[in-house]
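First comes the structure, then the notes that go with it.
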Amino acid sequence: LEDKKAIVAEINEVAKNALSAVVADSRGVTVDKMTELRKSARETGVYMRVVRNTLMRRVVEDTEFECLKDSFVGPTLIAIFF
């Protein structure tokens, strides 16, 4: 439970300072492609994370991204831009 709270707090803090966010369905993405995508995101300053949907709904509460709550269905990832 404490780990989940820490994850929510970390990503919530990132989301509060973000300019935009993208939610994507990650079905069909191979491990190699996902690794490549994460590396590319890191290199360009994009915060990208795969987190359980229930946690992501908590993350976006009280942020300008709360409208994304209904997007967290199935295997999703979020990319946050600064």
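Where a number appears in this text, it was derived from the coordinates with a stated rule and is not lab data. Bear in mind that the values here come from a model prediction, so they are computed numbers and not experimental data. Every residue, glycine among them, receives a Cβ derived from its backbone with ideal geometry; neighbour counts consider all protein chains shown.
Observations, loosely collected:
- GluC sites (Glu not before Pro) restricted to DSSP loop in the chain with at most 16 other C-beta within 10 Å: E61, E64
- Whole-Hz couplings from phi, Karplus 6.51/-1.76/1.60, listed for segment 72-82; x for Gly and Pro: 7, 9, x, x, 10, 10, 10, 10, 10, 10, 10
- Its residue count N fixes a reference of 2.2 N^0.38 Å for the chain, and the Cα radius of gyration divided by that reference is 1.05.
- Bridgeable lysines around K5 (alpha carbons under 19 Å apart, same-chain partners fewer than 8 residues away excluded): K16, K69.
- Part-to-part distance (alpha-carbon centres) for segment 37-73 and segment 10-29, which is given in Å: 2 Å
- Between V51 and I78, the built amide H atoms are under 5 Å apart, and every one of these is 5 or more places off in sequence or on another chain.
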